[in-house]
1. Condition first: in a loop (DSSP other than H, G, I, E, B) and modelled with pLDDT of 95 or more. Now tell me which residues in region 265-281 satisfy that.
2. Mind telling me which of the residues Arg89, Arg100 ends up being over 22 Å from Ile247 (Cβ atoms) and either surrounded by fewer than 23 Cβ atoms within 10 Å (Cβ to Cβ) or not aliphatic (A, V, I, L, M) (or both)?
3. Mind listing whichever residues of region 104-136 are buried (at least 23 other Cβ atoms within 10 Å of the Cβ) and farther than 16 Å from Ala182 by Cβ?
4. Any idea which of (1) under 18 Å from Ala108 (Cβ atoms); (2) over 13 Å from the mean Cα position of the chain (by Cα) is the one Leu188 doesn't satisfy?
5. Please go through region 59-76 and pick out each residue that is of a type in the set (A, V, I, L, M), over 24 Å from Asn146 (Cα atoms) and crowded, with 19+ Cβ neighbours inside 10 Å.
6. Return the total of residues in region 146-169 being buried (at least 17 other Cβ atoms within 10 Å of the Cβ) and more than 19 Å from Gln281 (Cα to Cα).
7. Considering every residue within region 257-264, establish whether at least one is at pLDDT below 95 and either within 28 Å of Arg44 (Cβ to Cβ) or among the β-branched types (Val, Ile, Thr) (or both).
8. I need the full set of residues from region 198-212 which are surrounded by fewer than 20 Cβ atoms within 10 Å (Cβ to Cβ) and among the polar types (S, T, N, Q), in order please.
Amino acid sequence: MQLAEDLRSTPADRPAATMAGLVCLVTGATSGIGRATALRFAQRGATVGIVARNAERGTATLDQIATETGNEDVHLFVADLSSQSAVRRLAGDFARRLERLNVLVNDAGIFVRERVVTKDGFELMFATNQLAPFLLTLLLLPALENAAPARVINVTAPSTVKPDFDDLQGERRFRPARAFGASKAANLLSTFALARRLTGGEVTVNAFHPGIVRTELMRNASLPMRFLSRTLNVLRGKPPEDAANEIAELAISPSFQRTSGKLIHDGKVIRSPFEDDVEAQERLFQACEALTGVRFAG
């Protein structure tokens, strides 16, 4: 897939937007927004870590990025993010190999239409979409602080589906669309809670809403949902490269240097569901601490 030509005329391509000397890590990097973002970072000269669930696809993506950008400072990390032990190995491997981290992009996400339980005993979408980025970010905070100023970008959506704190795993009742929406809302809640804990430091954390992007996220949805998703992609969807350009701008622009605990869309801060609901933010954050066994040590 040839992406270089699509990215040359974007604002993030100005000389001031170089990422040389920066170390970045992107999850969900073998397809869609994640792959386009990793390629964008590599084009600008960054050292890029890509996280892939499948080693073969990860190697193919790494080779593609190196070939298209001429940047061979790209590193593959293989991890099934639904597994907490795999997330821990990923964080440890990254710290040993690259030591510092300027930009963390949590992009990996899945949708499934049936309730699946991971080997850790968690519902699959909640484990992958929420617990994985939560755990990975906390484990990589020392690497982020080593590289400060540093930025965490959580790719999500302005979901209004408030998590059911009495049934986070959907054991009592599982509705796939609601479970997915709740995992996206959980991203927002934990972003705001972590930003509050990092106030005064040089590590910022924001949520990023890419809008409607042409990806295969909903390929496992029911037929009506797949039809709706594909229709929206055709009528209103933008290519992943556009979202990658926005992420690159958010990652390095001086305009966002002090921005933290916000939802960003189309280059600006927008109003987010639950941004004023501190009680829900704290309850979700503390629940995730308990479920992962890792507490914020600020």
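1. Across region 265-281, the qualifying residues are Arg271, Ser272, Pro273, Phe274, Glu275, Asp276, Asp277.
2. Result: Arg89 is the single residue among Arg89, Arg100 that is over 22 Å from Ile247 (Cβ atoms) and either surrounded by fewer than 23 Cβ atoms within 10 Å (Cβ to Cβ) or not aliphatic (A, V, I, L, M) (or both).
3. Within region 104-136, Leu104, Val105, Asn106, Asp107, Ala108, Leu135, Leu136 meet the criteria.
4. Only one criterion is unmet by Leu188, namely (2).
5. Leu62, Ile65 - these are the residues of region 59-76 that are of a type in the set (A, V, I, L, M), over 24 Å from Asn146 (Cα atoms) and crowded, with 19+ Cβ neighbours inside 10 Å.
6. 3
7. yes
8. Once the filter is applied, which keeps residues that are surrounded by fewer than 20 Cβ atoms within 10 Å (Cβ to Cβ) and among the polar types (S, T, N, Q), region 198-212 yields only Thr199.
The values are calculated or read from the model by the stated rules, or taken from the named source; none is laboratory data. This structure is a prediction, so every number in the text was calculated from the model and none was measured. FYI the Cβ positions are ideal-geometry reconstructions off the backbone, even for glycines, and counts take in every protein chain you see.
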